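What follows is a single structure, written as structure tokens, with notes after it.
The values are calculated or read from the model by the stated rules, or taken from the named source; none is laboratory data. Note that the structure is predicted; figures quoted are calculated from it, not measured. Heads up, the Cβs are rebuilt from the backbone with ideal geometry, glycines too, and the neighbour counts pull from every protein chain shown. Just the protein is used for accessible areas: all its heavy atoms, side chains included, with ligands, DNA and RNA removed. Shrake-Rupley method; radii C 1.70, N 1.55, O 1.52, S 1.80 Å.
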Amino acid sequence: MDHEDYREVLISLTDPVRQLFMTGAVWLLGEETPARPLAILEVGSWTGGSALTWGEALIRYSAPRARLTCIDLWEPFSDIDANPAPFYALADRALKDGIVFDAFLKNIASLRDKIDIDVRKGHSAEIMTSLPPASFDIVFIDGNHAYPAVRADITNGLALVRDGGIICGDDLEIQAADVDREVAIESPNIDFMPLPGTKMSFHPGVTLAVGETFGRVSNFEGFWAMRKTPSGWQPVTLAGMPFHTPPHLAPDARAKIEIFVNGRERL
């Protein structure tokens, strides 16, 4: 198979509207600490679409020499029995062939002379527990969506967030309080599934792990976030954030953001 055969899995898997709010989180912290370069940890980088969003936001809103650390196994990980859709087998082949990692390196190359980038290839649990505590302003969880993996990444990520920093993640289509828990736990290794009785689908592992850790969280179109404060983890407000579209996004993704922004008032 050539790269065109893998096109479905090589595109960015993060919804473009969510990337708008990822940029907003960097803006928020950059406004508060303009003299200090921010540090972001991304757990789950895939082909680098979200890494580009974080990197471009750091260039735009952080002091110089900001730091982005990317963790990913970049090896097959799907439970094919629990996730039989053809996409998962194709993704595993692309990972095995090294195509996903090659695409990641190519995509982030443009950032290397503008921010510090640290690429860590391996299991997130091993790498995260080796990092210094409270060393990141933002920890972004978007790796393996199976419940045990999400729960472990969130637990390990909590200790890495600085005071005033944010832990956040992708793919929270519905919060735990709004779904039957038994539906969410019927298979811990399901990545994405229909929500019974509705026309929507969700990531049950993300819903369950986030809900068990925090209860209800700030949720911006599926991008969830909580902030570390002296009184504990609190919701994040992005009131007043600029609606800046990440420039690397494809025209169709930029159009989706434009439709979203035009359809609502500023936060």
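Here are a few things to note about the model shown:
- Efficiency of FRET from Cβ geometry, Ala159 and Lys114, R₀ 22 Å, rounded to 0.05: 0.15
- Mean projection of the Cα convex hull over all viewing directions, computed for the chain: 14.0 nm².
- Rolling a 1.4 Å probe over the protein chains gives Ile71 an accessible area of about 0 Å².
- Spatial offset of segment 67-133 relative to segment 183-245 amounts to 22 Å, using the alpha carbon center of each.
- 13 Å cut-off, amide nitrogen to a point 7 angstrom out along Glu126 Cα→Cβ, residues in segment 49-84: 72-75
- The charge dipole of the chain, taken about its Cα centre with unit charges on the Cβ of Lys, Arg, Asp and Glu (plus for the first two, minus for the last two), comes to roughly 1000 debye.
- In terms of accessible area, using a 1.4 Å probe and ignoring ligands and nucleic acids, Asp142, Asp81, Asp5 rank largest first as Asp81, Asp5, Asp142.
- Annotation: the antiparallel percentage among DSSP beta bridges lying fully within the chain is about 40.
- Gyration tensor verdict on segment 87-146 (Cα atoms; rounded if a/c is under 1.5, prolate if a/b is larger than b/c, oblate otherwise): oblate
- Inter-label distance for Ala89 and Ala250, nm, one decimal - labels placed 7 Å from Cα along Cα-to-Cβ: 2.4 nm
- With every protein chain in place, the chain: carbon and sulfur % of accessible area (1.4 Å): 54 percent
- Residues of the chain were split at every exposed loop site, defined as trypsin sites (Lys or Arg not before Pro) in a DSSP loop with at most 14 other C-beta atoms within 10 angstrom, and the longest piece left, sites excluded, is 115-198.
- To the nearest 10, the accessible area of His244 is 50 Å² with a 1.4 Å probe.
- Probe 1.4 Å, all protein chains present, accessible-area order of Val119, Val9, largest first: Val119, Val9
- Solvent-accessible area per residue for the chain (1.4 angstrom probe, square angstrom): 46 Å²
- Prolate/oblate/rounded label for segment 27-137 (Cα gyration tensor, a/c 1.5): prolate
- For segment 1-73: rounded, prolate or oblate by the Cα gyration tensor [a/c cutoff 1.5]: prolate
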